[in-house]
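I have placed the structure first, in the form of structure tokens, so that the comments after it can refer back to it.
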Amino acid sequence: MTSQTGEAPSGDPRSSSGPVPPGSQPPEAAEVGEAAQAAGGSEVSGEPVEDDQAYLDRVRREIDDEVRRRRAAGDFPPSFERKLDELFARYTPTGEADDYFAEALKLADRAAFFDIDVPTGSRREVRGLVKWSLWQAEAWFVRYIVDQLNHFSAALMRTVHLLDERLADVEHDVALLAPGALPAEDELAPPADPGAYTEQVLARLRSGPGGRVLHGECGDGRLVEALGAAGVGIYGIDPGTAAADVAAARGLDVRRDDTAGHLAALVDAVLGGLVLSGVIDRCAAAQRHRLVQLAELKLAPGATLAVVSTPPAAWEAAAGPLAADLAQGRPWHPQTWAAVLASTGFADVETHADDSVGVVLATKPVPVR
Amino acid sequence: MRPQRIDQMVPSFGRRDAIGEHILHLRDLLVHLGFRSDIWCRGAFPEVRDQCRLVGDLPEGHRHGTWWIYHLATGSPVADLLAGRCEPIIVDYHNITPASLLTPWVPWAAETAEEGLRQLQRLAERSCFAVADSAYNERDLLGAGYRRTAVAPPLFDLGADAPDPATLARRRAERAGGGADWLFVGRLAPNKAQHDLIKALACARRFFDPRTRLHLVGTGMGEQYPRALRRFARRLGVDDAVDLPGAVDGAVLAAYYAAADVFVSASTHEGFGIPLVEAAHSGVPVVAYDAAAVAETVGSGGVLLADKSPMALAVAAHRVTTDPDLRRYLASAGRRRAADFTLARGRLAWQAALDQALATGAEPGGVATAVGARGAGPGDGASVPGARGARPGGLGAGPGGGGSRHGPGDQGPEPGGRTSVGGGAELAWAERGHQPAPAGRSRLPWAAM
């Protein structure tokens, strides 16, 4: 483990005057020095010996001084260190922590400043003089350009910071809109049972173009069972309630999935019919509109959409006050569904309702050629 | 009343990581002091499977005359299991890496780190005493609400392995062409900041000596960070000078120490830093960024830097490798400092800590009189949640069991099982796609401390 050769620093601390370091004596003297230190002695061979901490502090100061000196002389251009930071930032994952954006912004801030103080120092005096002369000759031009660049980058970064502030406001507002602790799904009201209106639903489905019918959030699957028994090719999905597990255990074609995600993954115009229930009673208004749009997209022309909802009063009674208050949305009246479907472009809108369930049937129009 | 038995509990157990070695030495000490002592864990590596028992076999009832030492370095279901039992608990805190340092790179490790901090707080009420590796770690304990604490370094055996001759010969051949060899030992993890060492290497090669080399010994935490290090080195054109040997066994590690010119650390978070002591013991000058417990561990045995810019690290390392007086001093001072952490001294410190713990008494919060223990005086009693006595269900499975998302050895900043490898295929690393390293490369030295 010999020491390595290399370019000696300009201010090589080996030449620095000062007290002898505690361990720098020849081996035999070092033993004496350590013994003296242990005994509280402070002098060996007539030279003062620093204590360990003072010596290390001096070394540290000399290292700091050398870094400063070399930076000032232009040996260590700040642009080089900045480039290292930027290069590594390219390999750093982003967007997974909130404070990472702040770090990226700080990096951009640092990179957006163009340094006009060109380092002109050099270990060779003549070279330094040449550098300084060139700088003096060209300074007026460089300064003019760099000033404009700095103004531009400052304006750009200011804009980015303003956007950041606005985005933070938006995020804050959106967070306020988000519901608090939602009750567990199984504690919410079960999907409405369209039992009394199964015949009407069946009739509309049979009038359609055929093809697979989907029941989104089918609960215990009783509608899937009833329609299947009537010869409709139907399957159900449910996000995983215990009732759906029971349905699957009974041999019904019920799968675990959420309605919006499942619809989005389907090929357009593939469904021969669609029944929506459950989620439509408690999701936010925007999600309901999204579901209607997806239904319009995924239904084949002439196919039927059936919205099975719970009237608000019945839903609140079934869900209980906690679930009702904390749910993202409250059920719409059947009349509201009818209006929304009609305005979306569905035709033949038909409403059936009583105190416990509302069924709105609508047909995706066949394009006129 | 003096317990008859003091058992240790750790989430995962391996011989060749810092906590695993510490646990084995601590068990020897406990037996030497006249206690019966077992090691319990949720998962164990094959080489120590016969030295420990799985928590699934733990009897449910109160074990009279038994105390626990729980080794806390990450979040784990076994902490909750232990908190639900009635026996007195001593927490041995090995530090938890802040989640913020891990989140962008290893999100799952950040999750377990956060859970570990929550468990640290929960155990404050449940435990009767806590021991920290360093005063830096002890501050975490006090902040979490622990009333009775002591500091005792981890137990490890310096110089247990002779340098591997083949590795030493290879390393010396590499050095024949000149150039300094920088060394850092520790898990490849963002908090260890190996990327800052690569930056410093680029500076050193550009401004001092283009033959300078950097050896980064240790396994990766996750895959992203090690991959980023390799790409970064390649992009800088220094990939041929950056050596990433992965985990190595003790003899190979000793060869790396023997052939290094300087040990350089830019780590931003160290609860203790055993490699700093190993380097000092080997006579390798230490240059380290002064963060966390680094200054406490290094003492006057190395050069500590307030600035870890690449230039500062490069200048400091260059100064150390080219200044014979400074090298001689650091070699001597480092060895003196390392002598403070010999196994014999560590055992004495632990014996004193155990005496304090036993004098404090078995009640949570340390209600009884404490002899020399730090913290509040007697009478600041707490409730005794241990009286609940219920054992959380479903946590007692062996490796890979228990329904946890993370298998043993896959618990983020906790070194037990993270760092040591070698045929641990039955551990549940596969859950996250981790593959055990090949047999024979079985030691990541002291990663998390």
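Rule-based calculations on the coordinates, nothing more; no lab input. Just so we're clear, the structure is a prediction, and the values are computed from it rather than from any experiment. Neighbour counts are summed over all protein chains in view; Cβ atoms, including those assigned to glycine, are modelled from backbone coordinates with ideal geometry.
Coupling constants for segment B:229-241 follow from the phi torsions by the Karplus curve (6.51 cos²θ - 1.76 cosθ + 1.60, θ = phi - 60°), and in residue order they are 4, 5, 5, 4, 4, 5, 5, 7, x, 10, 4, 6, 9 Hz; glycine and proline get x. Taking Cβ atoms as reference points and 11 Å as the exclusive limit, the residues near B:Thr321 contribute a net charge of -2, counting Lys and Arg as +1 and Asp and Glu as -1.
If R0 is taken as 25 Å, the Cβ-Cβ distance between B:Asp239 and A:Ala104 corresponds to a FRET efficiency of 0.45. Looking at segment A:74-166, the GluC sites (Glu not before Pro) that sit in a DSSP loop and have at most 12 other Cβ atoms within 10 Å of their own Cβ are A:Glu96. Considering only alpha-carbon pairs that sit under 8 angstrom and 6 or more positions apart, the relative contact order computed for segment B:17-80 is 24 percent. Evaluating 6.51 cos²θ - 1.76 cosθ + 1.60 at θ = phi - 60° for every residue in segment A:260-267, the Karplus couplings come out as 5, x, 5, 4, 4, 7, 7, 5 Hz, glycine and proline recorded as x. B:Lys308: which lysines have alpha carbons under 22 Å from its alpha carbon, excluding same-chain residues fewer than 8 sequence positions away? Those lysines meeting the cut-off are A:Lys83, A:Lys106, B:Lys192, B:Lys199. For the segment A:53-63, counting C-beta atoms of other chains within 10 Å of every residue's C-beta and taking the mean gives 5. Arranged from fewest to most other beta-carbon atoms within 10 Å of their beta carbon, A:His172, A:His215 become A:His172, A:His215. Counting Lys and Arg as +1 and Asp and Glu as -1, what is the net charge of the other residues whose Cβ lies under 9 Å from the Cβ of B:Gly178? With Lys, Arg at +1 and Asp, Glu at -1, the neighbours total +1.
In this structure, the amide hydrogen of B:Trp40, modeled 1.01 Å from its nitrogen in the peptide plane, lies closer than 5 angstrom to those of B:Gln8, B:Met9, B:Val10, B:Arg53, counting only residues at least 5 positions away or on a different chain.
For segment A:186-363, give the share of DSSP beta bridges that are antiparallel, in percent and rounded to the nearest 5; count only bridges with both residues there. DSSP beta bridges in segment A:186-363 are roughly 40 percent antiparallel. Straight-line cross-link partners of A:Lys298 among the lysines, defined as a Cα under 16 Å from its Cα and at least 8 positions apart when in the same chain: A:Lys364. Compute the signed sum of charges (Lys and Arg +1, Asp and Glu -1) over the other residues within less than 12 Å, Cβ to Cβ, of A:Val360. Around A:Val360, the surrounding residues sum to -1. Across peptide B:189-202, the average count of Cβ atoms from other chains found within 10 Å of a residue's Cβ is 2. Across peptide A:64-77, the average count of Cβ atoms from other chains found within 10 Å of a residue's Cβ is 3. Computing FRET efficiency as 1/(1 + (r/R0)^6) for B:Ala352 and B:Asp307, where r is the C-beta to C-beta distance and R0 is 51 Å, gives about 0.85.
In segment B:165-341, Cα pairs under 8 Å separated by at least six residues give a relative contact order of 24 percent.
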